[in-house]
Amino acid sequence: MDNNRLAMVIAVIGSIAILITGFLLFNQIHKNHKANELIIEKCFDNFDEEGQVVIKKDGFWSPVTCEKN
């Protein structure tokens, strides 16, 4: 009986850890998305009349960069 209860406790703790990790990752992705939206909006506001604008992103977690062409 104790072995079954131990397995259940480990399963519950593992499930909670997975849910917390997923929530934290989702929250970080949401924050990055909002920050990137602001950067892109400022980019187009500042360089709107000057011609072409290039928006680059190095990796999944990196912020976007704005360059004037």
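Any read-out appearing in this document is the output of simple, stated calculations on the displayed coordinates, not a laboratory observation. This is a predicted model, so every value here is computed, not measured. Heads up, the Cβs are rebuilt from the backbone with ideal geometry, glycines too, and the neighbour counts pull from every protein chain shown.
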Practice task
Any chance you could tell me what percent of the C-alpha pair distances in the chain go past 14 Å?
Solution key: 71
Practice task
Consider all pairwise Cα distances in the range 1-40 and report the whole-number % of them above 13 Å.
Solution key: 64
Practice task
Calculate the dipole size of the chain relative to its Cα centre from +1 charges on Lys and Arg beta carbons and -1 charges on Asp and Glu beta carbons; express the result in debye to the nearest 20.
Solution key: 420
Problem - For the chain, calculated [θ]222 nm from helices alone, where every DSSP H run of n ≥ 4 adds -39500 (n - 2.57) - result: -24500 deg cm²/dmol
Problem - Pairwise label distance in nanometres, residue 4 with residue 45, each label 7 Å out on the Cα-Cβ vector - result: 6.3
Handout entry: Nitroxide proxy distance, nm - points 7 Å out along Cα→Cβ at residue 64 and residue 36
Key = 0.8
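When a footprinting reagent is the concern and you count Cβ atoms within 10 Å, what order do 58, 2 take, fewest first?
Exposure proxy ranking, most exposed first: 2, 58.
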Practice task
Quick one: among 36, 46, 27, which has the greatest mean-square fluctuation in a GNM of the chain with alpha-carbon springs under 10 angstrom?
Solution key: 46
